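Report on the following structure.
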Amino acid sequence: MSIPQRLTEVLQQTAQADVIEFDDNARLILFSDSHRGDNSWADDFAHNQLLFFYALQWYYEHGFTYLEVGDGQELWENSSFEEVRRAHSHIYWLMRQFYLEGRLHLLYGNHDIFLKNPDYVRKYLYSYQDTRTGLTKPLFDGIVVHEGLMLRHRESGGQFFVTHGHQGELLSDTLWPIGRFTVRHFWRHMQLLGLHDPTSPAENYNVKIKIERDIAEWAQANGQPIICGHTHRPAFPAPGEVPYFNTGSGVHPRCITGIEITEGWIVLVKWWTSPDEEGRLKVRREVLAGPQRIGAYFQN
């Protein structure tokens, strides 16, 4: 099935069941592609974990709802979610605080596609075993992991369709077990030699361009603004342009990027560290694009 066909399929399923309404008082942050791993040499998230924790804590303290737009967990390279949770327990502790307040929504991508299985989610995400006490403790008990979500803006009546963006891609969607096998048993080890997976949209420019073009053409043809991840390249259109947004990723070499929706505005942001005048490293939030009024994307 092609990328447009799969996007249409997920959109139709999402529009019927997975709708989040928000108004001009809402605050949302969308991150994708953190690829949290086992904190080993192959864990691309490891070098950004403290930066990500700081940013997510800032959003928690400022009343944001967190939407993780797929590939939060690197389950192609790693054999189980529990390995990832233990390696980044501080991240999952903070995500649980969001969840306890009804401010966490998870979507799955190709690298954590196991989360589309409710039995897998029940086994690994509902609870975990505390290795210090041996007791079972709740994590995201009762959570539902989505393939797509619809963000419906009450004031304008417009909707953003949110999904990871791997749909319809051969090795990421249709033949994902083969993609997982090659990553886990071959490309994971090739990273030591400085080689990268040429089939990955994050590493292969031609693959990236094709996927982004297909998604953008689908969004234009359907008049449906879409927010996704997957290619790791941020995108933020102006009103009137093709309504394709991309959050970027949490594994950029020196930063993480995401999309904020806050008080009627949408903006693309970057979190990064840089030295101040005295040489001390500071975490900074920088606006890369926007802000734009949300309603401007839903005007005919």
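Please treat every number below as a calculation from the coordinates, not as lab data. What you see is a predicted model; the values in this text were computed from it and never measured. So basically every Cβ, Gly included, is an ideal-geometry build from the backbone, and we count neighbours across all protein chains shown.
Using a/c under 1.5 as the rounded threshold, could you call the chain rounded, prolate or oblate? The axes a ≥ b ≥ c are square roots of the C-alpha gyration tensor eigenvalues, and prolate needs a/b larger than b/c, oblate otherwise. Intermediate results must be reported in sequence, preceding the final value.
Numbers: a/c = 1.28, a/b = 1.17, b/c = 1.10.
Judged from the Cα gyration tensor, the chain comes out rounded (a/c under 1.5).
Cross-link candidates for LYS116: which lysines have Cα within less than 23 Å, leaving aside residues fewer than 8 places away along the same chain?
LYS137
At 222 nm, what value in deg cm²/dmol follows for the chain if DSSP H runs of at least 4 each add -39500 (n - 2.57) and the sum is divided by all its residues, to the nearest 500? All intermediate terms of the calculation are to be shown ahead of the outcome.
On the way: 7 runs with 79 residues, N = 300.
About -8000 deg cm²/dmol.
Tell me whether the range 1-107 comes out rounded, prolate or oblate; compute the Cα gyration tensor, take square roots of the eigenvalues as a ≥ b ≥ c, and use a/c under 1.5 as the rounded threshold. Spell out each step's value before the answer.
Working: a/c = 2.28, a/b = 1.19, b/c = 1.92.
Oblate.
Please list, in chain and number order, the residues 5+ apart from GLN73 or on another chain whose amide H is under 5 Å from its amide H, with Hs placed from the backbone.
HIS35, ARG36
Past the 32 Å Cα-Cα mark, which pairs from LYS123/LYS210; LYS210/LYS270; LYS210/LYS282? Could the numbers behind the result be given before it?
Details: LYS123/LYS210 36 Å; LYS210/LYS270 25 Å; LYS210/LYS282 37 Å.
In this structure, LYS123/LYS210; LYS210/LYS282 lie more than 32 Å apart at Cα.
Could you work out how much longer the chain between ALA221 and GLU82 gets when fully extended? Use 0.36 nm per residue separation minus the Cα distance between them, nm to one decimal. Provide the component values of the computation, followed by the final result.
Details: separation 139, 0.36 × 139 = 50.04 nm, distance 4.13 nm.
My answer for the length gained is 45.9 nm.
Test of understanding: given the chain, find the longest segment containing no chymotrypsin sites (Phe, Trp or Tyr not before Pro) that are in a DSSP loop and have at most 15 other Cβ atoms within 10 Å.
127-300
How big is the gap, in Å, between the Cα center of the range 19-73 and the Cα center of the range 82-120?
Measuring centre to centre over Cα atoms gives 10 Å.
Run the numbers for ILE143 and GLU241: contour at 0.36 nm per residue of separation, minus the present Cα-Cα distance, in nm. Display every interim value, and only then the final one.
Values: separation 98, 0.36 × 98 = 35.28 nm, distance 3.55 nm.
Taking 0.36 nm per residue and subtracting the Cα distance, the gain is 31.7 nm.
Would you kindly derive the ³J(HN,Hα) couplings of the range 63-77 from the backbone phi angles with the Karplus curve 6.51 cos²θ - 1.76 cosθ + 1.60 (θ = phi - 60°), listing them in order in whole Hz, with x for Gly and Pro?
x, 7, 9, 9, 10, 9, 9, x, 6, x, 10, 8, 9, 8, 7
How much of the DSSP bridge set in the range 67-160 is antiparallel, in percent, rounded to the nearest 5?
Values: 5 of 10 bridges.
Percent antiparallel among DSSP bridges in the range 67-160 is about 50.
Only bridges whose two residues both fall in the chain count here: according to DSSP, what percent of them are antiparallel, nearest 5? Provide the component values of the computation, followed by the final result.
Values: 31 of 51 bridges.
Counting DSSP beta bridges with both partners in the chain, the antiparallel share is about 60 percent.
How much length would be gained if the chain were fully extended between ASP23 and VAL283, taking 0.36 nm per residue of separation minus their Cα-Cα distance, in nm to one decimal?
Numbers: separation 260, 0.36 × 260 = 93.60 nm, distance 2.95 nm.
So the extension gain works out to 90.6 nm.
Once you mark the trypsin sites (Lys or Arg not before Pro) that are in a DSSP loop and have at most 13 other Cβ atoms within 10 Å, what is the longest gap between them in the chain? Walk me through the numbers before you get to the answer.
Numbers: sites that count: ARG132, ARG154, ARG254, ARG280.
The reported range is 1-131.
Kindly state, to the nearest 0.05, the FRET efficiency for GLU61 paired with VAL267, given R0 = 25 Å and r defined as their beta-carbon distance. Kindly include the intermediate steps, with their values, before the conclusion.
On the way: r = 18 Å, r/R0 = 0.74.
About 0.85, to the nearest 0.05.
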